[in-house]
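Have a look at the structure below before the remarks.
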Amino acid sequence: MVAGTALLPLLASGPVAAQNYCPAVWKQGVLDLNFNPAFTRIDTYGSPSGPSEDLMVTSFFNVLKDPTGMVVTSYFERDLVARIRSLGTLDPLTFDKDADVEELSDIGGPPVIGPPNTMNWPNDAIRVPDGVVPFEAVAVPQGFHPAIPPGRLSLINLDDPNRQEYIVHQSTGGPPGDSCDNITSKPRFYHDMVFVDMDADGLKDIATVRSSFKVAGYGSVCFFTGEIVYFKNPGPALSPTVQWEEHLLLEPSGPDIAIEAYDFENDGVPELIASSFFILNGFVKIYGAPVGQTWSVVDPVNGPFVRQGNIVGAGQGRPFNVEVVDINIDGKVDLLTTNHQPDNCFEPTLEPIPGRVNVFEQPASGNVFGGGWIRHTIKDNIRPNATFPPPTAYPGRLAPGKAKAFAPVRGLQGKVKPWIVVGGDEASKVWLLTPKSTSKTNWDYQSAVIFDINDYYGPGTTQTIMGPGGISPGEVISTVGVPSVRYDSPSSTGRAQIFIPVFEAKRIHILGLRPGSTADRVICPPDVREGCPAL
């Protein structure tokens, strides 16, 4: 009764425009930062006063550009990982962007490219599970194709006051003109990772996917590849400067951006689910170790080989995000996915498949490697705002970003169909998707825009080049990063809070499901984008 009562106010719509569904959401504050927030992630970390829910934030490509927006003129901040502590006591009204934000990476160095400051385009910052290493740590997959230095995987020791960085893998880039196939030049970048005991030695290793990329400034072009690798936990031999032993599982046309792990076959050896974005005709597949064996026996050249099964094939655009979650609460996990599609406005960015949020239900046969995963599209027809300036090459702006499932009330976790927050990336929006029915066979979701850059910062913001009075010259406020979710109370009645990074504005907006004042109630703007410009 308590759980059901708690949910009722959340399902009510407020006094908004007719036929514009708008769930009950309230503005709860804005956090100003000294850098551009990209990925956010909330986890529980230790603190002198006990467990603390902290917000990890990554920032990259902190550059000043000329008025065209195309030429980098200087760097104003390092690529970095930062932490905002104790969200349970955070007050946006008294938040201090200098005193209340701790920079964890490359402490105290100037904004330069490469050593001595080595953090390079950090993507998600992921709490390392207890027991993986003998200290509390955050893991950071790094690199991307516009970045000059090659990518890396590293851990930051949070127990060390100096925040010592431990290198898991450092890829390399050779001198000008060096071939990407040369043994001295293996530039790779990483977006995601999972912690899995791949060799049954009792220690969790790091499994990840990676891609190659063009290394700007080195004169070489490395075409996109996709690989699955794992890095063996060194155990007592752990050292900040000694890289973990690498085991290549699959190349060169494998997945490249997102990875999850789940033991679908219930045999103690988890399968890997991963997506390919950069390779033409992207896909999501399930990968398994050889039957009856661990991942450590895989030999990608001579065998035994990785088992593979299709989940998402051609016709769904370029898959981006993957999350394992039971969407319809039937006791079997599903896959929540997004793709990442261009604006369809210009010759280089024409793509008939729009951005989508899909759920893939396990095959009725129970054979997860045999195909037959059932697609349910729960949000369709997403497009980014038009690429500006008009692009000369694919892909231009892309949308959506990642989707995150959560229960609206802490005590309802696993009891009701989850709500889903979708970061729009360069669609400049955030959507909240809510289930229309409690039926396990009904996959319909309602969609509402709960944040829009053009609504908050003014019409045309995503298309108007800002000058010295706004953000850095040559930039527009156009990108919503990766949102994260927490509950505002540790009790079963805790309501969800959503943290929304707005990259170019150097801000994190906080929305919540706990009722506030009438003035703070979110009035959902229409789900439209600014049209393609006439050329």
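The values are calculated or read from the model by the stated rules, or taken from the named source; none is laboratory data. Just so you know, these numbers come straight off a predicted model, no measurement behind them. FYI the Cβ positions are ideal-geometry reconstructions off the backbone, even for glycines, and counts take in every protein chain you see. For accessibility, only protein heavy atoms count, side chains too; no ligands or nucleic acids. Shrake-Rupley method; radii C 1.70, N 1.55, O 1.52, S 1.80 Å.
Some observations on this one:
- Taking segment 399-428 as the range and being outside any loop (DSSP other than H, G, I, E, B), charged (D, E, K, R) and within 15 Å of the chain's Cα centre (by Cα) as the test, the residues that pass are LYS404, ASP425.
- Output for segment 231-273, where each listed residue is under 23 Å from THR337 (Cβ atoms), open to solvent by less than 60 Å² (accessible area, probe 1.4 Å) and of a type in the set (Gly, Ala, Ser): GLY254, ALA258, ALA261
- Every residue from segment 323-346 that is open to solvent by 10 Å² or more (accessible area, probe 1.4 Å), outside any strand (DSSP E or B) and of a type in the set (Asp, Glu): ASP326, ASP330
Let's see how each residue does on (1) under 21 Å from ALA448 (Cα atoms); (2) in contact with a Lys or Arg (Cβ under 9 Å, 6 or more places away or on another chain):
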| position | (1), (2) |
| --- | --- |
| ASP334 | no, no |
| ASN344 | no, yes |
| VAL359 | yes, yes |
| ILE374 | no, no |
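- Residues that are part of a strand (DSSP E or B) and among the small types (Gly, Ala, Ser) were ranked within segment 219-260; the one that is modelled with the lowest pLDDT is SER220.
- Residues in segment 347-394 that are aliphatic (A, V, I, L, M), surrounded by fewer than 19 Cβ atoms within 10 Å (Cβ to Cβ) and assigned to a strand (DSSP E or B): ILE374 alone.
- Contacts under 6 angstrom Cβ, first residue in segment 437-452 being more than 16 Å from ARG356 (Cβ to Cβ), partner crowded, with 19+ Cβ neighbours inside 10 Å and among the β-branched types (Val, Ile, Thr), 6 or more apart: ILE450/VAL25; ILE450/VAL430; ILE450/VAL522; PHE451/VAL430; PHE451/ILE500
- Qualifying residue in segment 143-164 (condition: open to solvent by 20 Å² or more (accessible area, probe 1.4 Å), modelled with pLDDT of 95 or more and within 24 Å of PHE224 (Cα to Cα)): no
- Residues satisfying the stated conditions in segment 278-297, i.e. open to solvent by 20 Å² or more (accessible area, probe 1.4 Å) and in a loop (DSSP other than H, G, I, E, B): PHE278, ILE279, LEU280, ASN281, VAL291, GLY292, GLN293, THR294
- Of all the residues in segment 87-101, those that are farther than 13 Å from LEU55 by Cα and either acidic (Asp, Glu) or more than 26 Å from the chain's Cα centre (by Cα) (or both) number 6.
- Here MET70 meets the list (1) surrounded by 14 or more Cβ atoms within 10 Å (Cβ to Cβ); (2) modelled with pLDDT under 95 almost entirely, failing just condition (1).
- Residue list for segment 299-322, filter: farther than 26 Å from ASN344 by Cβ, open to solvent by less than 50 Å² (accessible area, probe 1.4 Å) and not in a loop (DSSP other than H, G, I, E, B): GLY309
- Residue count for segment 499-535 under the criterion of being in contact with a strand residue (DSSP E or B) (Cβ under 7 Å, 6 or more places away or on another chain) and of a type in the set (A, V, I, L, M): the result is 7.
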